[in-house]
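Since the structure comes first, as structure tokens, the remarks are kept for the end.
The values are calculated or read from the model by the stated rules, or taken from the named source; none is laboratory data. The shown structure was predicted, so the numbers you read here are calculated from the model rather than taken from an experiment. FYI the Cβ positions are ideal-geometry reconstructions off the backbone, even for glycines, and counts take in every protein chain you see. Only protein heavy atoms, including side chains, enter the accessible area calculation; ligands, DNA and RNA are left aside. Shrake-Rupley method; radii C 1.70, N 1.55, O 1.52, S 1.80 Å.
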Amino acid sequence: MQRTDGRAGDELRPVAFELDIAPHASGSVLVSMGNTRVICAVMIEETVPRWMREQGVSGGWLTAEYSMLPYSTQARKPRDISKGKLDGRSTEIQRLIGRSLRAAVDLEKLGPRTVWVDCDVLQADGGTRTAAITGASLAAAIACRKLADEKKVDAPAIRKLVAAVSAGVLDGTPVLDLNYAEDKAVTVDFNLVATEDGEFVEVQGSGEEATFSNEQLSEMLALGRKGVAELIAAQRAVLARLMVEPA
């Protein structure tokens, strides 16, 4: 089977991380996966949500916001503010990002603080949610290390790195890391979020007016695990260059 960009079925698109893209953030990354580019920025506030104070919940909190900038797609995408509310897709994705990062951060060790994760899509060519999670994990690791360096916590609150990748069934064959053209053509959509020690955070899979077999599910799961491992290795390479160890 020939993919639209000539990759092998189990091959990721080229991945790159550009750091300090947002100077006022505690940690920021411009993540590129092929032609998909997402700015992931982390800021830390010295307070917790009101519901935590009212319920006497200890530790801190992490929350995420996600948006696609108007020029991220070929046809201009109106800002959510122009409609007066987030669309359902943006709401789903930012909740997914929040869940994924909360699995990586020790909220007790964070202390009474809120970690804000903002993910803004500059260019969309498939896999914006998975790129956002992967970039945000790296940005959060850097931000938590900075918090420890400033002696505000005893040790970085990051427990482990997380990454995410898409897969799908294209012309009957499971493939890894879909671009937009492939995403439109697949009969099955699949997204996997997992930690660096191989544990799952979330698995999303659905047929597009089609069904899929247990064998295809197993193949997509294996592809996803392979992709996540490669993405975390790329994150680790960046942290090694920074002499930052998140755990």
- Message: So A181 ticks every box in (1) among the small types (G, A, S); (2) open to solvent by less than 40 Å² (accessible area, probe 1.4 Å); (3) not in a strand (DSSP E or B) but one. Which box is left unticked?
- Response: (2)
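Per-residue answers, yes or no, for (1) surrounded by fewer than 19 Cβ atoms within 10 Å (Cβ to Cβ); (2) in a helix (DSSP H, G or I):
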site	(1), (2)
I44	no, no
T47	yes, no
K85	yes, no
C119	no, no
A132	no, yes
A136	no, yes
A141	no, yes
V153	yes, no
- Query: Checking R225 against (1) open to solvent by 10 Å² or more (accessible area, probe 1.4 Å); (2) part of a loop (DSSP other than H, G, I, E, B), which test does it fail?
  - Reply: (2)
- Message: Of the conditions (1) open to solvent by less than 10 Å² (accessible area, probe 1.4 Å); (2) in contact with a Ser or Thr (Cβ under 7 Å, 6 or more places away or on another chain), G207 satisfies every one except a single condition; which number is it?
- Response: (1)
- Is there a residue being open to solvent by less than 60 Å² (accessible area, probe 1.4 Å) and farther than 21 Å from A132 by Cα anywhere in segment 234-243? no
- Message: Return the residues of segment 178-214 that are of a type outside the set (S, T, N, Q) and either closer than 17 Å to I93 by Cβ or touching a Cys at 6+ places or on another chain (Cβ under 7 Å) (or both); say none if nothing qualifies.
- Response: L178, Y180, D183, D189, F190, L192, V193, V201, E202, V203, G205
- Message: Just to check your reading of the model, which residue among A167, A148 is assigned to a helix (DSSP H, G or I) and touching a Pro at 6+ places or on another chain (Cβ under 7 Å)?
- Response: A148
- Query: Given the residues A8, A16, which is the only one that is closer than 15 Å to G127 by Cα, modelled with pLDDT of 95 or more and open to solvent by less than 70 Å² (accessible area, probe 1.4 Å)?
  - Reply: A16
- Message: For segment 93-108, give me the residue count where each residue is open to solvent by 60 Å² or more (accessible area, probe 1.4 Å) and touching a strand residue (DSSP E or B) at 6+ places or on another chain (Cβ under 9 Å).
- Response: 3
- Message: Where the second residue is open to solvent by 80 Å² or more (accessible area, probe 1.4 Å) and not in a loop (DSSP other than H, G, I, E, B) and the first is under 18 Å from P156 (Cβ atoms) and lies in segment 35-57, which pairs have Cβ atoms under 6 Å and are six or more apart or on separate chains?
- Response: M43/W116
- Task: Could you tell me whether V175 is under 20 Å from the mean Cα position of the chain (by Cα), surrounded by 17 or more Cβ atoms within 10 Å (Cβ to Cβ), in contact (Cβ under 8 Å) with a residue 12 or more places away in the chain and more than 16 Å from G126 (Cβ to Cβ)?
- Result: no
